[in-house]
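Colleague: The structure that follows is given in the form of C-alpha cells.
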Amino acid sequence: MTLEHKRTDFAEDFLFGVSTSAYQIEGHSFGGAGPTHWDTFAATPGNVVNAENGDVACDHYHRWAEDLDLVAKGNFDVYRFSASWARVMPDGRKVNPEGLDYYDRLIDGMLERGIKPALTLYHWELPAALSDLGGWRNREIASWFADYAETLMARIGDRVWSTATINEFWCVSWLSHFLGHHAPGLRDVRAAARAIHHVLLAHGTATQALRAQGVGNLGAVFNLEYSQPADDSAEAQAAAARYDAIYNEAFLGPVFKRAYPESLLEGLGNHLPNGWQNDMDVISEPVDWVGINYYTRKLIAQAPGPYPSLTEIDGPLPKTYMGWEIYPQGLESFLKRVAENFSGDLPLYVTENGMAAPDPLVDGAIDDQDRIAYFDAHLSSVRNAIAAGVPVKGYFAWSLLDNYEWAFGYDKRFGLVHVDFDNLERTPKASYHAFRDSLSRA
C-alpha cells in the first residue's frame, strides 16, 4: 500500500518533513550534557513505564549521519529537530563547547544532504539546575531562555532554515504542572498558572532577542486538541469550552490577541503573576509562521470539584495505540480556525501529526498500513483546508524514529523507522517507503 497523496497534489513550494526531539532520540548520557528535569522525573519510581529514561534513547548523538541519510532517502524536504538546552548549557547558563560542536555538525550534515534544518529551541529539556530555581514557575526563566537562544543561534543561526521557540506550550505548563504527567510532575494550580504565563513570556522574550540578533523565519509551535461535548447538555458544552480555553486559546490568545480567554481568567486569574497584563507586548511579538501539532479529539463532560470541573469521556472512534481517537476532521477545523481567528495570512505548518502502533517486526519488516491510512486521512484534511484558502505551507510527520515517548517509555512507537532498542538497528517501515515513493520528484 502506498500513500494516496503525492507531492504533485500540493503546490510546488509545499514542504514535506519529519520531526524529532533531542531528548527522545539523542541519548543524554554523553557529549557533556547536563541533567534535566526529565532525568529527575524518570528516576522517580512510578513516573515512567518500566522506569525507562533517555540516557541512550536512539543514540542519535552518534548515529546522526545514518539518520539524516534516512531523511534524505525518504525524499523529505525538511528535518524538524530540537536542541537540548542542557547539552548546550549543562547548568542552564554556562556553555558546553561540545554541545555547540554537535549541533554545528548536525546542521552541516543536513545542508550537505539538501535538507532544510527546522530548529526547535525547547522541546521539554529544562536543565535540572534551573528546575531547582523554580523552572517555569520563576519569571527569570524568560531571560535565561533568551540567553540560551542567543548563544545557540550565534553558532548555527546562519544556516538554520526556520526556528521555533517553544514546542507545545500546553505540555510545558498544564500537563507538567497541573496534571503532573510530565516533568516536573507537579499537581499545583498556582504553579500551572505561572508556568502558562512564563512559557509565553519566554517565547516572546527570546523572539525579540533573536530578532535583534538578525535571525529570521521565527515561529512557535502549538499543540491543539479538538474538544467536543460528550452530550447535548449545557453543562457538557460549557466543560468542552473550558477545555478548549485551557488547551488552545490560552496560548493562541496571548500570542495573537494579547489576551487570555475569559473562562481561563475566571479559573486561574488569581494565580497568575502580579502585573501579568504588562507582559502582553512582549508575548505578542510578531512571528513569521505558525506550527500546529495535531493528533486527536477529546469528548468532555462536566465533573464535580474546583476549576476546571471537567472530565474526559471515552469516545467511539477507532483509536491509536496511545488510546487517542482518530479524528482527521479536527486538523482541517484547526487550520481554518487558526488562520481565520489568529494568524491571518501567516504561513501555517503542520509540524507534528502521526500515530502510535505496536509495529511488530515480522520477517524483517513492519507493515504499518494503519499508519499509512492515518497519514492519508490527515493529508486530505490539509488539502481541504488549502482549498478553502488557508495558507498551509508544509506537513511534517511525527516521527522519523521510534523513540523515548516520555512517560510511556519505549513502548509507544510513532516512527516511520523502527528502532530495535536492544541493538539500535534502524528498519524503515512500510509508511517510510510510502512517503519515499509519494514524495519522489522522479
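Colleague: When the residues of segment 130-143 are narrowed to those that are of a type in the set (Gly, Ala, Ser) and buried (at least 19 other Cβ atoms within 10 Å of the Cβ), which ends up nearest to Asn278 (Cα to Cα)? Before you say what the answer is, go through the steps one by one.
Modeller: Pass one, segment 130-143, residues of a type in the set (Gly, Ala, Ser): 131, 134-135, 142-143.
Cutting the leftovers down to buried (at least 19 other Cβ atoms within 10 Å of the Cβ) gives us 131, 135, 142.
Numbers: Ser131: 25, Gly135: 21, Ala142: 14 Å.
For segment 130-143, the residue satisfying everything is Ala142.
Colleague: Which residues, taken from segment 1-47, are of a type in the set (Asp, Glu) and either within 30 Å of Arg441 (Cβ to Cβ) or touching a Pro at 6+ places or on another chain (Cβ under 6 Å) (or both)? Full working, then the answer.
Modeller: Start the filter on segment 1-47 by keeping residues that are of a type in the set (Asp, Glu), which leaves 4, 9, 12-13, 26, 39.
Once the filter is applied, which keeps residues that are of a type in the set (Asp, Glu) and either within 30 Å of Arg441 (Cβ to Cβ) or touching a Pro at 6+ places or on another chain (Cβ under 6 Å) (or both), segment 1-47 yields Glu4, Asp9, Glu12, Asp13.
Colleague: Looking only at residues in segment 287-315 that are within 30 Å of Val392 (Cβ to Cβ) and without any contact (Cβ under 8 Å) to a residue 60 or more places away in the chain, which one is nearest to the chain's Cα centre (by Cα)? Break it down into steps so the answer makes sense when it comes.
Modeller: Taking segment 287-315 first, the residues within 30 Å of Val392 (Cβ to Cβ) are 287-300, 312, 315.
Then drop every residue that is not without any contact (Cβ under 8 Å) to a residue 60 or more places away in the chain, which leaves 312, 315.
Working: Glu312: 22, Gly315: 24 Å.
Within segment 287-315, the match that is nearest to the chain's Cα centre (by Cα) is Glu312.
Colleague: Same structure again: May I ask you to list the residues in segment 285-311 that are out of contact with any Gly (no Cβ under 7 Å at 6 or more places or on another chain) and surrounded by 14 or more Cβ atoms within 10 Å (Cβ to Cβ)? Write out each step before concluding.
Modeller: Taking segment 285-311 first, the residues out of contact with any Gly (no Cβ under 7 Å at 6 or more places or on another chain) are 286, 292-293, 295-296, 298, 300-306, 309-311.
Selection gives Ile292, Asn293, Tyr295, Thr296, Lys298, Ile300, Ala301, Gln302, Ser309, Leu310, Thr311.
Colleague: Give segment 412-442 a look and list any residue that's among the polar types (S, T, N, Q), buried (at least 17 other Cβ atoms within 10 Å of the Cβ) and under 15 Å from Leu70 (Cβ atoms), or say none.
Modeller: Here is the first cut: in segment 412-442, the ones among the polar types (S, T, N, Q) are 423, 427, 431, 438, 440.
After this cut, where a residue has to be buried (at least 17 other Cβ atoms within 10 Å of the Cβ) as well, the list is 431, 438.
Within segment 412-442, Ser431 is the sole residue that qualifies.
So that you can scan it fast, the table gives a plain yes or no per residue for (1) among the polar types (S, T, N, Q); (2) not in a helix (DSSP H, G or I):
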position	(1), (2)
Trp38	no, no
Phe41	no, no
Thr44	yes, yes
Pro90	no, yes
Lys94	no, yes
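Colleague: Return only the number of the condition from (1) in contact with a His (Cβ under 9 Å, 6 or more places away or on another chain); (2) hydrophobic (A, V, I, L, M, F, W, C); (3) surrounded by fewer than 18 Cβ atoms within 10 Å (Cβ to Cβ) that Ala43 does not satisfy.
Modeller: Among (1) in contact with a His (Cβ under 9 Å, 6 or more places away or on another chain); (2) hydrophobic (A, V, I, L, M, F, W, C); (3) surrounded by fewer than 18 Cβ atoms within 10 Å (Cβ to Cβ), Ala43 violates only (1).
Colleague: Still on this structure, please answer the following. List pairs: first residue in segment 357-378 and at positive phi, second residue modelled with pLDDT of 95 or more and in a strand (DSSP E or B) anywhere in the structure, Cβ distance under 9 angstrom, at least six positions apart or on different chains.
Modeller: Asp359/Arg413; Asp359/His418; Gly364/Thr427
Colleague: Can you tell which of Pro254, Pro261 is crowded, with 18+ Cβ neighbours inside 10 Å, touching a Ser or Thr at 6+ places or on another chain (Cβ under 8 Å) and closer than 15 Å to Phe169 by Cβ?
Modeller: Details: Pro261 fails: touching a Ser or Thr at 6+ places or on another chain (Cβ under 8 Å).
Going through Pro254, Pro261 in turn, just one is crowded, with 18+ Cβ neighbours inside 10 Å, touching a Ser or Thr at 6+ places or on another chain (Cβ under 8 Å) and closer than 15 Å to Phe169 by Cβ: Pro254.
Colleague: Shifting gears a bit: Could you tell me how many of the residues in segment 34-54 are among the β-branched types (Val, Ile, Thr) and within 15 Å of Asn403 (Cβ to Cβ)?
Modeller: So the count comes out to 2.
Colleague: Can you name the condition, by its number, that His123 falls short on among (1) in contact with a Phe, Trp or Tyr (Cβ under 8 Å, 6 or more places away or on another chain); (2) over 30 Å from Tyr307 (Cβ atoms); (3) not basic (Lys, Arg)?
Modeller: Condition (2) is where His123 drops out.
Colleague: Further question on the same structure: Among residues belonging to segment 226-251 that are without any contact (Cβ under 8 Å) to a residue 24 or more places away in the chain and of a type in the set (D, E, K, R), point out the one that is surrounded by the fewest Cβ atoms within 10 Å (Cβ to Cβ).
Modeller: Quick first cut of segment 226-251, residues without any contact (Cβ under 8 Å) to a residue 24 or more places away in the chain only: 232, 234, 237, 241, 244-245, 249.
Checking the rest, the ones that are also of a type in the set (D, E, K, R) come to 232, 244, 249.
Working: Asp232: 7, Asp244: 20, Glu249: 21.
Applying the filter and picking the extreme gives Asp232.
Colleague: Which one of these does Lys298 not meet: (1) assigned to a strand (DSSP E or B); (2) at positive phi?
Modeller: (2)
Colleague: Follow-up. Quick check on this structure: which one of Leu111, Leu106 is buried (at least 21 other Cβ atoms within 10 Å of the Cβ) and either touching a residue at least 12 places away in the same chain (Cβ under 8 Å) or assigned to a strand (DSSP E or B) (or both)?
Modeller: Values: Leu111 fails: buried (at least 21 other Cβ atoms within 10 Å of the Cβ).
Residue meeting the stated conditions: Leu106.
Colleague: Another question, if that's okay. Collect the residues in segment 99-152 that are aromatic (Phe, Trp, Tyr) and under 16 Å from Phe81 (Cα atoms), keeping them in residue-number order.
Modeller: To start, the set of residues in segment 99-152 that are aromatic (Phe, Trp, Tyr) comprises 102-103, 122, 124, 136, 144-145, 148.
Listed by number, the residues that qualify are Tyr102, Tyr103, Tyr122, Trp124.
Colleague: Then there is this: I need the full set of residues from segment 345-367 which are in contact with a Lys or Arg (Cβ under 9 Å, 6 or more places away or on another chain), surrounded by fewer than 22 Cβ atoms within 10 Å (Cβ to Cβ) and within 30 Å of Thr163 (Cβ to Cβ), in order please.
Modeller: Listed by number, the list holds a single entry, Pro347.
Colleague: Name the residues in segment 428-442 that are hydroxyl-bearing (Ser, Thr, Tyr) and under 11 Å from Asp367 (Cα atoms), would you? Let's see the steps before the verdict.
Modeller: Taking segment 428-442 as the starting set, the residues that turn out to be hydroxyl-bearing (Ser, Thr, Tyr) are 431-432, 438, 440.
Once the filter is applied, which keeps residues that are hydroxyl-bearing (Ser, Thr, Tyr) and under 11 Å from Asp367 (Cα atoms), segment 428-442 yields Ser431, Tyr432.
Colleague: Which of the residues belonging to segment 134-166 are out of contact with any Pro (no Cβ under 6 Å at 6 or more places or on another chain), touching a residue at least 12 places away in the same chain (Cβ under 8 Å) and assigned to a loop (DSSP other than H, G, I, E, B)?
Modeller: If the condition is that a residue be out of contact with any Pro (no Cβ under 6 Å at 6 or more places or on another chain), touching a residue at least 12 places away in the same chain (Cβ under 8 Å) and assigned to a loop (DSSP other than H, G, I, E, B), then Asn138, Arg139, Gly157, Arg159 are the ones that fit.
Colleague: Could you please give the count of residues in segment 204-225 that are part of a helix (DSSP H, G or I), under 20 Å from the mean Cα position of the chain (by Cα) and either surrounded by fewer than 20 Cβ atoms within 10 Å (Cβ to Cβ) or of a type in the set (A, V, I, L, M, F, W, C) (or both)?
Modeller: Step one: of segment 204-225, the residues part of a helix (DSSP H, G or I) are 204-213.
Adding the requirement that they be under 20 Å from the mean Cα position of the chain (by Cα) leaves 204-207.
When the remaining residues are screened for being either surrounded by fewer than 20 Cβ atoms within 10 Å (Cβ to Cβ) or of a type in the set (A, V, I, L, M, F, W, C) (or both), the result is 206.
Looking only at that region, the number is 1.
Colleague: Further, regarding this structure: When the residues of segment 410-442 are narrowed to those that are basic (Lys, Arg) and outside any strand (DSSP E or B), which ends up nearest to Leu3 (Cα to Cα)?
Modeller: Kept after step one, since they are basic (Lys, Arg), are these residues of segment 410-442: 412-413, 426, 429, 436, 441.
Cutting the leftovers down to outside any strand (DSSP E or B) gives us 412, 429, 436, 441.
On the way: Lys412: 23, Lys429: 13, Arg436: 10, Arg441: 15 Å.
Once the filter is applied, the top-ranked residue is Arg436.
Colleague: While we're here: Of all residues in segment 46-78, how many are hydrophobic (A, V, I, L, M, F, W, C), crowded, with 18+ Cβ neighbours inside 10 Å and part of a helix (DSSP H, G or I)?
Modeller: Residues that pass the stated criteria total 4.
Quick grid of which residues meet (1) part of a loop (DSSP other than H, G, I, E, B); (2) acidic (Asp, Glu):
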{"residue": "Pro273", "(1), (2)": "yes, no"}
{"residue": "Glu332", "(1), (2)": "no, yes"}
{"residue": "Asn341", "(1), (2)": "no, no"}
{"residue": "Met355", "(1), (2)": "yes, no"}
{"residue": "Asp376", "(1), (2)": "no, yes"}
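The values are calculated or read from the model by the stated rules, or taken from the named source; none is laboratory data. Predicted, not measured: the structure shown is a model, and the values here were computed from it. Note: ideal-geometry Cβ built from the backbone for every residue, glycine included; neighbour counts use all protein chains shown.
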